[in-house]
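A short reminder: the numbers here are calculations on the coordinates, not readings from a lab. Keep in mind that this is a model prediction, so the values were computed, not measured. Counting neighbours? That spans all protein chains shown, and the Cβs are built from the backbone with ideal geometry, glycine included.
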């Protein structure tokens, strides 16, 4: 069994709550400056011993990224957090997501979970790679992938994208039409505050900047804590260099401030940080360092690197 398979099946026990990963894809994706325009080659070189070979591909110098959901299982609920890029979606401007055929539902089934058994779907924000599996193509129509789930969206996030969708100057792929609107039309969407409690031990924590209504998901049970950080950080190097925004950050200064405040809050607390695009195993702990912070990957199958 390889490390990706182990991380998917084993999961993380946060007290009585289990968090597992559903992988869509993982690969070396792009040069650092493509995703992180603030990145400097000399700074990347300074961190290279830590970043290679699992976070930066030595052959290409590309950042290694993962696209995955997290499944949070409490005693009462099954919650899917973020739904990746999806299959069969027309994304001509974003080749990474265009007409894909990922084994996402098969990977969900490997956890012993059917879409019908999911109670809640939560999107940390409404970017294209976090809403894709909200829907699937069935008999030529986009229908909710999780037919019995309530889809939870931050009110602030929804307001931003609803207005942007109406903007005649906004040119982007039609993820609003194929991945969000069908959920609304099915009556399965619920707009909530950015500190909404989904279940006992699972609640939202506002983290605006990357998008105006971006939220993290807090998980707490039995004295153990985790936070699902969405796109607060796309790559591990942003823990080391928290002032580096992604090219997708809507509010640059607020993104930097929110990211640094997050790292300061959770450093050296033992809280498991589970990020939406960190490579396998995608989770670990923030530690204070003489300069900024560092990240120590962890998991039920042992530490991968430090």
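Descriptive notes on the structure:
- Cβ crowding within 10 Å averaged over residues, with 63-73, 247-257 ranked highest first: 63-73, 247-257
- With N as its number of residues, region 52-148 has a Cα radius of gyration that, divided by 2.2 N^0.38 Å, comes to 1.20.
- Going from the residue with the fewest nearby Cβ atoms within 10 Å to the one with the most, 241, 106 rank 106, 241.
- In percent, rounded to a whole number, the relative contact order of region 115-222 is 28, using alpha-carbon pairs under 8 Å and six or more apart.
- Global form of region 86-210, assessed from the alpha-carbon gyration tensor, a/c cut-off 1.5: oblate
- Short to long, the 20 Å bins of the Cα pair-distance histogram for the chain hold 35, 61, 4 percent of all pairs.
- Sequence-separation-based contact order of region 3-297, relative, with Cα cut under 8 Å and 6+ spacing, percent: 17
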